[in-house]
Amino acid sequence: MSRFARQMILPEVGAKGQARLARAHVLVVGAGGLAAPILQYLAGAGLGQITLMDPDHVEESNLHRQPLFTMADIGRAKVAAARDYLLARNPDLQLHARLDLLDACTAGPAVSQVDLVLDAADSFAASYILSDACKAQSKPLISASVLGQKGYVGGFCGGQAPSLRALFPDLPDSAASCVTAGVMGPVVGLIGALQAQMALQVLLQQQHPSPLGQLMQVDMANLTLSGFRFDGAEEPDAPLRFTSVARLTAQDQIIDLRPPQEARKTITPAARRILPGDINALEIDVQRPLVLCCRSGLRAWKVARQLQKRGISQITILAAGDTQ
């Protein structure tokens, strides 16, 4: 019996839908907790190609919510360990493992090669960069976020669907992450499985309802699921963009907002280190582009909003982490 027989019984799949899945190529950004169910279910469904991007290596603290990996994988590149796991279960899958960071330079080319993008990166910068690239190329994006016992998954871009920016025009007030606030493993698995389901529905061209323009919210602390459609959400005017180190030029005014104890060096020798509380005293040449740098992008985003009120418009944001 065919590996996909139980799936092909479904009227929305059938032989034609299965062939469509076999021709599909998706990009999964992030190889952590969300990606674990995404990759297993997409590979299991018979997708033809998956490109997986993640620069990280397996750590023991990953294992409670990332069941693709075992103790033997600690120290290995996540994309390599995930490839071995998936190919052992579906050798017909073409999995392109990229030990790369998704940024403003790599996003456009990566998105251009695929039919659909799944954001499993747990990064403000990655989510907005992917949304911008997908919107520009009319590629569907399934993006999710999870923290503690809550999270969401939504279908964005592609066709007439609004972008992530239309629903979330500003970053949240808090920079809490799984590292600082914790996360429950089954919640991550549930939301990643929902991402996989929405991705399959997009690839099978489900229209009633379309997963694009739909947000699902999960609150497992209270054991509730909810959702709403956002088809009419408007795209924001003059959105703040993320940039990358490779795009910096000699004309840029680069401000590093991280304190010395967070980052030993500034992002480039030309950068000035200014703490967010001192930004209003800073003299800025309004004729030159301004680049604001911090770890996640959150502090830079807030400072950028302050500066926009002063009439400064040429601002981009660089999420540089904490190790530069």
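Roll a 1.4 Å probe over the protein heavy atoms and report the accessible area of Thr106 in Å², nearest 10.
Surface open to solvent at Thr106 totals about 40 Å².
Bin by bin, in steps of 10 Å, what percent of the Cα pairs in the chain do you find, going until the bin that has the longest distance?
6, 25, 33, 24, 10, 3, 0, 0
Full extension from Asp100 to Ala22: what is 0.36 nm times the residue separation minus their Cα-Cα distance, to one decimal in nm?
Result for the pair: 25.5 nm of gain on full extension.
Of Phe69, Phe124, which has the most accessible area with a 1.4 Å probe, and how do the rest follow in descending order?
The ordering from most to least exposed comes out as Phe124, Phe69.
Suppose R0 equals 30 Å; then what is the FRET efficiency for Gln207 and Asn90 from their Cβ-Cβ distance, rounded to the nearest 0.05?
That gives a FRET efficiency of 0.60.
To the nearest 20 debye, what charge dipole does the chain have about its Cα centre, counting +1 at the Cβ of each Lys and Arg and -1 at the Cβ of each Asp and Glu?
260 debye
As a test of reading the structure, rank Glu12, Glu262, Glu283 by solvent-accessible area (1.4 Å probe, protein chains only), most first.
Order by accessible area, largest first: Glu283, Glu12, Glu262.
Please report the base-10 log of the normalised intensity I(q)/I(0) for segment 68-152, using a Debye sum with one equal scatterer per alpha carbon and no solvent, at each q in 0.11, 0.15, 0.18, 0.26 (1/Å).
Taking Cα atoms of segment 68-152 as identical point scatterers yields -0.38, -0.70, -0.95, -1.22.
When the accessible area of the chain is split by element with a 1.4 Å probe, what percent falls to carbon and sulfur?
The value for the chain is 53 percent carbon and sulfur by accessible area.
Figure the gain on full extension for Leu223 and Ile274 (residue separation times 0.36 nm, minus the Cα-Cα span) and round it to one decimal in nm.
14.0 nm
Defining a contact as two alpha carbons under 8 Å apart and six or more residues distant in sequence, what relative contact order in percent does the chain show?
15 percent
Calculate, for the chain, the solvent-accessible area per residue in square angstrom, rolling a 1.4 angstrom probe over the heavy atoms of the protein chains.
So the chain comes to 47 Å² accessible per residue, rounded to a whole number.
Solvent-accessible area of Lys302, probe 1.4 Å, all protein chains present, reported in Å² to the nearest ten, please.
Using a 1.4 Å probe on the heavy atoms, I get roughly 90 Å².
Once you put a point 7 Å from the Cα of Ile284 and another 7 Å from the Cα of Ala250, both along the Cβ direction, what distance in nm separates them?
A separation of 2.4 nm, rounded to one decimal place.
With viscosity set to 1.002 mPa s and temperature to 20 °C, compute the Stokes-Einstein D of segment 54-115, Rh being the Kirkwood radius across alpha carbon pairs; µm²/s, no decimals.
166 µm²/s
Looking at the chain, do any whole DSSP H helices span at least 24 angstrom along their long axis by alpha carbon and average 1.0 or above on Kyte-Doolittle, and which?
Length and hydropathy pass: 185-203.
Taking all pairs of different Cα atoms in segment 165-294, averaging 1/r and flipping that mean, what Kirkwood radius in angstroms comes out?
Taking every pair of different Cα atoms in segment 165-294, averaging 1/r and inverting gives 19.0 Å.
Protein chains only, probe 1.4 Å: how do Arg247, Arg23, Arg295, Arg305 rank by accessible area, largest first?
Putting Arg247, Arg23, Arg295, Arg305 in descending order of accessible area: Arg23, Arg247, Arg295, Arg305.
Just to verify a number: what accessible area does Asp278 come out at with the full protein assembly present, 1.4 Å probe, Å² rounded to tens?
90 Å²
Starting from the Cα gyration tensor of segment 1-106, multiply each eigenvalue by 5, take the square root, and state the resulting semi-axes largest first in whole Å.
27, 16, 11
The values are calculated or read from the model by the stated rules, or taken from the named source; none is laboratory data. As the structure is a prediction and not an experimental result, all values here were calculated from the model. Here Cβ is always computed from backbone atoms with ideal geometry, including for glycine, and neighbour counts include all displayed protein chains. With ligands, DNA and RNA removed, areas are computed over all heavy atoms of the protein, side chains included. Shrake-Rupley method; radii C 1.70, N 1.55, O 1.52, S 1.80 Å.
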